[in-house]
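Chemist: One structure follows; several queries about it will come next.
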Amino acid sequence: MPSSLPRSSYAAASRVPVLDLAPVVPVVVIEDADNAVPLARALVAGGLPAIEVTLRTAAGLDAIRAIAAEVVDAVVGAGTVITPRQVTDCVAAGARFLVSPGWTDALLAAMQASGVPFLPGVSTTSEVVALLERGVREMKFFPAQAAGGTAYLKSLAGPLPQARFCPTGGIGPANAPDYLALHNVGCVGGTWMVPDDAIAAKDWTRVERLAREAAGLRHRH
């Protein structure tokens, strides 16, 4: 599958697994919903259409709603989803994929019933096996660096080749290529292309430049 989408294909992204939208998924924390649309436009212009807006702030849902309504080439998703109610609220706001740092049976059931793609978080082999048992093959590996990094993911590839991951947590431009070189990694998540100071300064040109550099990262296999 492709590691990124041509611009003309963004509208059809719902038919493409989240892990194959782009090599990097920006993990965005938005304090002011007014910044959501210009930020998303900068990321898309830089070649990163899949944007994970976290629910860590009160502006998260409004940001998702604004991006979904106004940035047609963005594939906006919701991150830090930890309750079934958040699943419902995020999909209603326009989220086109869901990401959780971990999962429970109740949360997984809600995500499976949502009708949109999702990446439940895992950090242990048992969690991966439990999800495979439930028919889930695409997962978030979090916190990636703290949980064992590339060495851990390499170890999983042998016994569990059917599982694919989006590692997030402690990943930046220096180590992202090492993750992307792994056969069981579809993309990585990170925040380095959306630095707080750039958002505060509304420096969307800088965000676009950083996004373009991140979009240039490719699988090496």
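Quick note: the coordinates plus some simple rules give every number you see, no bench work behind them. These numbers were taken from a predicted model, which means no experiment stands behind them. Neighbour counts run over all protein chains shown; Cβ positions are idealised from the backbone, glycine included.
Chemist: Looking at (i) 12.5; (ii) 16.4; (iii) 10.7, which value of mean projected area of the Cα convex hull in nm² comes from a calculation on the structure shown?
Modeler: (iii)
Chemist: If contacts are Cα pairs under 8 angstrom and at least 6 residues apart, what is the relative contact order of the chain in percent?
Modeler: Once normalised by length, the contact order is 22 percent.
Chemist: Let me ask something additional. What residues qualify as long-range amide H neighbours of LYS140, i.e. H under 5 Å apart, gap of 5 or more or another chain, H built at 1.01 Å from N?
Modeler: GLY121, VAL122, CYS166
Chemist: Also, quick follow-up: How high is the FRET efficiency between ALA58 and TYR152 when r is their beta carbon distance and R₀ equals 30 Å, given to the nearest 0.05?
Modeler: Efficiency, from the Cβ-Cβ distance: 0.30.
Chemist: Order by neighbour count: SER100, SER126, SER155, SER114, fewest other Cβ atoms within 10 Å first, most last.
Modeler: With the sparsest Cβ surroundings first, the list reads SER126, SER155, SER114, SER100.
Chemist: Grab the Cα-Cα distance for GLU127 and GLN162, subtract it from 0.36 nm times how many residues apart they are, and report the gain in nm with one decimal.
Modeler: Extending this stretch completely gives an extra 11.2 nm.
Chemist: So what is the calculated 222 nm ellipticity per residue for the chain, using -39500 (n - 2.57) for each DSSP H run with n of 4 or more, over all residues, to the nearest 500 deg cm²/dmol?
Modeler: -10000 deg cm²/dmol
Chemist: Please work out the FRET efficiency for the pair ARG137 and THR83, using the Cβ-Cβ distance as r and a Förster radius of 30 Å; give the result to the nearest 0.05.
Modeler: 0.80
Chemist: Would you mind checking which residues have amide H under 5 Å from VAL75's amide H? H placed 1.01 Å from N; only 5 or more apart, or other chain.
Modeler: ALA50, ILE51
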